[in-house]
Amino acid sequence: GESVGLHLPTLSVQEGDNSIINCAYSNSASDYFIWYKQESGKGPQFIIDIRSNMDKRQGQRVTVLLNKTVKHLSLQIAATQPGDSAVYFCAENSIQTGANNLFFGTGTRLTVIP
Amino acid sequence: SQTIHQWPATLVQPVGSPLSLECTVEGTSNPNLYWYRQAAGRGLQLLFYSIGIDQISSEVPQNLSASRPQDRQFILSSKKLLLSDSGFYLCAWRPGYGEQFFGPGTRLTVL
């Protein structure tokens, strides 16, 4: 569900290192998950998604892992670059009242140190 | 291809003044439409969603309202703004399932 009242947790990594951003979701019936990247002053942008019938999906420099047993989602960014500095949100798809709605996590602020 | 527009990009309004933010989507039909608010350094709060013309669901009670007069137009309004209405307002659309696409946002400052 949403935790919009909380300040964002932060993660700082050295340029070139791998980053791992974690997310716990609440609804065991959620069937679809998305990671978004939001740069300052802009709308969130899609990074990668995964359906509940998968436990891993890879994109360009990014990997999403899904552990349905513990309701945990993670985003791995390989060889982190300064341009990766942003806030990252996970979202879970939950069907309610006739509309498919995405529910967003609190977000994590990633800072890449040159 | 589909695009989503929001305007204005920034807005400064006095307390008690009215508000109208507009969002339009191009290149798709019958999308689900959403309004979110984001306070500085915080997450996304879903305000309203719509699955069709004149079909609006409110997620959070507040002094804001939403309308969908056309299939691809979503409007966020207020009759009297409060200081607490300041924030970054994001419109989004979704084809019913799958990826959700966000607009560029409107930065609202209420003084």
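So the values come out like this:
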| item | result |
| --- | --- |
| Boolean, B:T28 is buried (at least 16 other Cβ atoms within 10 Å of the Cβ), free of Cβ contacts under 8 Å to residues at least 60 places away in the same chain and among the β-branched types (V, I, T) | no |
| Condition met for B:D85 (away from every other protein chain (no Cβ under 11 Å), among the acidic types (D, E), open to solvent by less than 30 Å² (accessible area, probe 1.4 Å) and over 23 Å from A:E92 (Cβ atoms)) | yes |
| Some residue of region A:75-85 being more than 30 Å from B:T10 (Cβ to Cβ), modelled with pLDDT of 95 or more and not aliphatic (A, V, I, L, M) | yes |
| Residues of region B:72-82 that turn out to be crowded, with 16+ Cβ neighbours inside 10 Å and either of a type outside the set (A, V, I, L, M, F, W, C) or facing another protein chain (nearest Cβ under 7 Å) (or both), as a count | 2 |
| Selection from region A:32-42 of residues that are within 7 Å of another protein chain (Cβ to nearest Cβ) and open to solvent by 10 Å² or more (accessible area, probe 1.4 Å) | A:K42 |
| Listing of strands (runs of 3 or more DSSP E) fully contained in region B:1-92 that carry 3 or more residues being at pLDDT 95 or above and among the hydrophobic types (A, V, I, L, M, F, W, C) | B:19-26, B:73-78 |
| Given (1) closer than 24 Å to B:V15 by Cβ; (2) out of contact with any Cys (no Cβ under 8 Å at 6 or more places or on another chain), number of the condition B:L76 does not satisfy | (2) |
| Among residues of region B:19-55, those that are within 11 Å of chain A (Cβ to nearest Cβ) and of a type in the set (A, V, I, L, M), counted | 7 |
| Test: residue in region B:2-17 that is in contact with a strand residue (DSSP E or B) (Cβ under 6 Å, 6 or more places away or on another chain), in contact (Cβ under 8 Å) with a residue 40 or more places away in the chain, more than 10 Å from chain A (Cβ to nearest Cβ) and buried (at least 20 other Cβ atoms within 10 Å of the Cβ) | no |
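The values are calculated or read from the model by the stated rules, or taken from the named source; none is laboratory data. Remember, it's a predicted structure, so these values are computed and weren't measured experimentally. Cβ atoms come from the backbone with ideal geometry, glycine included; neighbour counts cover every protein chain shown. For accessibility, only protein heavy atoms count, side chains too; no ligands or nucleic acids. Shrake-Rupley method; radii C 1.70, N 1.55, O 1.52, S 1.80 Å.
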